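Heads up, the thing below is written out as structure tokens.
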Amino acid sequence: ASSALQQLQKIEGMITDVNSFVMYDLDALLVCVSNVFTGFSTSSSSSSSSSICGELEVEFLHSYAIKSGPVSFILQLLIDHGVGMEAASYGELVQALRCGCPAEKIVYDAPCKDMKELIYALKHGVRVNVNSFNELDKIQSIMEAKDILSCIEKERILRQVGVGVRINPLVGAG
């Protein structure tokens, strides 16, 4: 890394007093993506099925946690290679959509989602992980309201958009 920094400092116009920087190994990243797909499926699709014990069919959505590195270029590279996105905030949700991630490959997992955020996610066809009974009540209110979503949008949400329930068991002290 220090030799890379020295090379960067030689480039005309570069700031010369930089003592740190971030460098991404895109080849290594894509090898990891390939390993995940291979390890959890024989398919190259990010949403794939696998049989467990020959009986239970399980669907996997291989997703990248945007908060781990919200660099649009990296997100677009991952999306282009079939990776879904996990958004832990409204801003990350918007970023994932702007980077071209198909809505059905986004999991919106932010805590304390407000009505505006839930409506936005549902209208765009994003999978929503519900973190509380309060959020579940909000989604029910959205679906029952006559003036928020059209009948066509409600039908699409019921058929295509997944709503997951996040369960955090209390394990041990605390």
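Here, each number is a calculation from the coordinates, and none is a lab measurement. Please read all numbers here as calculations on a predicted model, not as lab measurements.
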#### Entry: Partners for Lys154 among lysines (Cα-Cα distance below 23 Å; same-chain residues under 8 apart left out)
Lys105, Lys113, Lys116, Lys123, Lys138, Lys146
### Summary
For Ile106, other-chain or 5+-apart residues with amide H closer than 5 Å (H placed, Pro excluded) are Met85, Arg127
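State the Kirkwood hydrodynamic radius of segment 101-155 in Å, one decimal place, computed from all pairs of distinct Cα atoms. Each step should come with its number before you reach the end.
Values: mean 1/r = 0.0872 Å⁻¹.
Taking every pair of different Cα atoms in segment 101-155, averaging 1/r and inverting gives 11.5 Å.
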### Long-range amide H partners of Val130 with built H, under 5 Å
Gly164, Val165, Arg166
### Message
Give me the mean projected area, in nm² to one decimal, of the convex hull enclosing the Cα positions of segment 66-124.
### Response
3.6
